[in-house]
Each structure stands twice: as C-alpha cells, then as structure tokens.
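Novice: Structure below; questions to follow.
What follows is calculated from the coordinates using simple rules that are stated; it is not laboratory data. Nothing here was measured: the structure is a model prediction, and the numbers come from that model. As a convention, Cβ positions derive from the backbone with ideal geometry for all residues, glycine included, and neighbour counts pool all protein chains shown.
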Amino acid sequence: MVVFLAGCATGPSQVERERKAQAHTKLGGSYMAEGKFQDAYVEFQKAIEINPQDKEAHNALGLLFEFQFVKGDEAEKAYRRAIEIDPGYSEAYNNLGVNLTRRKRFAEAKEMFQKAIQNPVYRTPDAAHFNLGLVHLEMKDKGEAKKAFREATRINPGYPAARLALAQLQFESGECQEVETGLREFLRFRPEFPGSYKAHYFLGMCYFKSGKGKEARASLEQALKLEPAAPEAPEARRILNLLR
C-alpha cells in the first residue's frame, strides 16, 4: 500500500525565495553601477523569476529600460508592476513620473509625483517635489513650480538643482532679495557644484539691479570664470562693461 504524505517534500520557503531574489537584485544593482547593463538585466530577471513579488527588482528593471535600453514603454510596465505589488512604493511612483514626463504625458506625471510625496516615510521627497516643479514648468504654471522648488529646498537645503530652479523663477519675477538671500547662503556652504556658474550669474544680476556694483562685478566675473561659453555669458559681459 502506498501512502501519500502531503507536505513532506516541499520547495524553498517564501522567506528563502525572497532572500535569493534580493541577492540577485542587489547584484544587478552592482552591475548597473559598473556599467554592465546586460548582466544587470539578467540578474533582475532572475530575481523576478524566483520571486515575482520583488518590487525592487521590477523598479530597477524599469530604470534599466528607461535610461540604458531606451524602452520607455517597457520601463512604464516595470514601474507599474512595482506599484501594483506595493501601492505605497514612492520610489516607483517618482520613477514612473520621470518616465511620463520624458514622454510628454505631463498630467499623468504630475499625479505620480503627488502620490510619491503623499507617503510620509518616503526617503527622498525632495526629488519628487523637484520633479513636480519641472512638470509644472512644462504645464506653464510657474507659480506652482516655484512652490514645488521651494518645498524641495526646504526639505533639502543642499539640493543644487532645486535651489537654482527656484532662483531662476525668483529672478524672472523680480524677487531679487529672495535670490540674494537664498544663493548667498547656499554658496557659502557649497561654493562649487555642477551648474554653480548659474548661481553666481543670478546673484550678480540681482546685485546689479540692487545697485551693488562691486558685488555684481565679483559674482559675474566668477560666473564667466566657471563657464565662459554659457548661454548667459553675453549678458554677463554686457553688464560687466556697464560696471567699468
């Protein structure tokens, strides 16, 4: 007589599957950082095969499709799958928002960034606020863009891109006192960063408008020193000629 015993010979437990999948996801992330994108793709697929509920693998796969394989549709599917697994996954909402922005679907992108921000434990809400500001600019709403950039700088005072975006909008609307206060303090702690010439340019232009010739000259000369061929360079040189 053959007796069948249910449950005696079992496969890997869910915990074991999750652990193995996470190992593949982590390895895939390392490969991405090293520029080994095909190897990263293989590892993320292995992770998903072992544990289809691995949200981080789906999200990482989306990033790979987005920025390396240039497959926006596939990236969107991967991000949405990650969100389906965890409706509170702010990183995936933010990444999906970037994906939709790049594909000119601004209203949908705005919704994704807002959902990312709603999560109180999201580790980098400043990024979502900044991206939301960019979408508002695309939608021709500078007022809301300014609010979003200001919130990004409130959360992360050392965020260069948000600080510059806010300064540009303030400069364009004639808020030179706000530009001076924000950029002067920022440059004190971060004198050099990618795009820092813009900070010196906006600061110099505001100094000029405020009648602070000496300060304007110093800031504009620094802007030209950092980026002599910048689009703003001709205007900076024109103002410097006026200050001589």
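Novice: Restricted to region 146-182, and to residues that are farther than 21 Å from Met205 by Cα and touching an Asp or Glu at 6+ places or on another chain (Cβ under 7 Å), which residue is surrounded by the most Cβ atoms within 10 Å (Cβ to Cβ)?
Specialist: Among them, the one singled out is Ala152.
Novice: For region 82-98, name all the residues that are touching a helix residue (DSSP H, G or I) at 6+ places or on another chain (Cβ under 7 Å), farther than 19 Å from Gly28 by Cα and in a helix (DSSP H, G or I).
Specialist: Ile83, Ile85, Ser90, Tyr93, Asn94, Leu96, Gly97, Val98, listed by residue number.
Novice: Please note which helices (runs of 4 or more DSSP H) are completely contained in region 7-81 and include at least 2 residues that are free of Cβ contacts under 8 Å to residues at least 12 places away in the same chain.
Specialist: 14-33, 37-50
Novice: Taking Ala223 as the residue in question, decide whether it is in a helix (DSSP H, G or I) and surrounded by 16 or more Cβ atoms within 10 Å (Cβ to Cβ).
Specialist: Against the criterion (in a helix (DSSP H, G or I) and surrounded by 16 or more Cβ atoms within 10 Å (Cβ to Cβ)), Ala223 qualifies.
Novice: Do you know which residues across region 137-151 are part of a helix (DSSP H, G or I), closer than 17 Å to Ala107 by Cβ and of a type in the set (Asp, Glu)?
Specialist: Glu138, Glu144
Novice: Within region 99-136, which residues are of a type in the set (Lys, Arg) and part of a loop (DSSP other than H, G, I, E, B)?
Specialist: Arg103, Lys104, Arg105, Arg123
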